[in-house]
Amino acid sequence: MSIDIFIRKEKIISKVKELAARIVKDNIDKDILHLVIVLTGAKTFAADLAREIRKLHPFSIKEHYVKLSSYSGERSTGSIKVKKDIGNIRGYDVIIVEDIVDTGLTLSFLRKHLLDKGARSVKIASFLDKPSRRRFPVKIDYAGFTVPDKFIVGYGLDYNEKYRELRYIGVLVED
Ligand code: IMP
Ligand code: MG
């Protein structure tokens with residue numbers, strides 16, 4: 001296996017700034033921003049996004065972590081389990097922070113889960129979008145880059161828990 005660089009560090013940084021600016025603009029009237037961060041893949045994007053938001057506006061940012069399981073190896077298995085749930089979010093406007101939307105199963109499940117827990121509104125920020133694989137429609141309010149139907153790694157995304165630390169987004173290629 002080798003990795004082709006697909007999106008470089010500089011482009012990643014400017015996209016995160018752009019998404020942060022849009023989120024700030026849409027929420028400027030709020031005191032607190034509630035980010036629901038989908039572990040583990042979204043950790044890198046979420047950390048950068050929260051810091052870029054904070055540079056632009058002094059919101060108090062609350063991070064909530066949720067861990068779901070749906071994915072092993074290269075294929076979505078089709079059912080979702082909540083492995084680590086978040087606390088009380090009743091009445092909150094929340095923004096889900098995700099690394100990539102593939103079939104859409106994870107986020108359509110999570111969106112409903114958060115509404116069932118009493119969230120007032122749920123928006124979605126996903127760094128990557130792989131629309132060619134969508135089976136469950138998801139409205140992504142803040143989307144970074146569209147990627148083709150290839151296996152993507154880096155910037156938090158893994159292949160069997162490897163490559164999350166890469167500063168770029170890469171495509172896994174068989175040698
Ligand atoms: P979905 O439920 O099919 O939309 O899958 C979403 C989850 O699958 C994401 O949160 C990722 O963790 C994982 N995933 C989907 N595509 C990729 C990929 O190309 N590389 C790494 N992880 C992926
Ligand atoms: Mg994920």
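Only the coordinates and a few stated rules stand behind these numbers; no lab work does. Please read all numbers here as calculations on a predicted model, not as lab measurements. Methodologically, a virtual Cβ is constructed for each residue, glycine included, from the backbone with ideal geometry; neighbour enumeration extends over all protein chains shown.
Taking 28 Å as the limit for the C-alpha separation, the pairs LYS11/LYS81; LYS17/LYS139; LYS25/LYS81; LYS11/LYS123; LYS55/LYS117; LYS55/LYS81 exceed it in the case of LYS11/LYS81; LYS25/LYS81; LYS55/LYS117; LYS55/LYS81.
Remark: relative contact order (segment 3-68) = 42 percent; criterion is Cα-Cα distance under 8 angstrom and separation of 6 or more residues. Entry note, the chain: relative contact order of 26 percent, from Cα contacts under 8 Å with a spacing of 6+ residues.
Think of segment 40-175 as a dipole: +1 on every Lys or Arg Cβ, -1 on every Asp or Glu Cβ, centred on the Cα centre; then among ASN88, VAL138, VAL173, ASN88 lies furthest on the positive end. Please report the orientation-averaged projected area of the chain, defined via the convex hull of its C-alpha atoms, in nm². Over all viewing directions, the chain projects a mean Cα-hull area of 9.4 nm². When +1 charges are put on Lys and Arg Cβ atoms and -1 charges on Asp and Glu Cβ atoms, the dipole computed for segment 1-73 relative to its Cα centre reaches about 120 debye. Averaging the sequence gap over all C-alpha pairs within less than 8 Å and six or more residues apart, then dividing by the number of residues, gives segment 77-152 a relative contact order of 32 percent.
If R0 is 30 Å, the Cβ-Cβ spacing of ASN160 and GLU63 corresponds to a FRET efficiency of close to 0.70.
Listed by chain and number, the lysines placed with their C-alpha closer than 16 angstrom to that of LYS162 are LYS43; residues fewer than eight positions away on the same chain are left out. With contributions of -39500 (n - 2.57) from each DSSP H run of at least four residues, the per-residue ellipticity at 222 nm computed over the chain stands at -8500 deg cm²/dmol.
Per-residue extension of 0.36 nm, minus the Cα-Cα distance of THR40 and LEU115, leaves a gain of 24.8 nm for this segment.
Taken about its Cα centre, the chain carries a charge dipole of roughly 420 debye when the Cβ of each Lys and Arg holds +1 and the Cβ of each Asp and Glu holds -1.
If you find the alpha carbon centre of segment 120-144 and of segment 17-33, how far apart are they in angstrom? Each part reduced to its Cα centre gives a spacing of 18 Å. Based on the Cβ-Cβ distance from LYS11 to LYS55, what FRET efficiency comes out when R0 is 25 Å, to the nearest 0.05? With R0 = 25 Å, the Cβ-Cβ based efficiency is 0.85.
Could you please report the charge total around LEU19, scoring K, R as +1 and D, E as -1 over all other residues with beta-carbon less than 15 angstrom from its beta-carbon? So the environment of LEU19 carries a net charge of +1.
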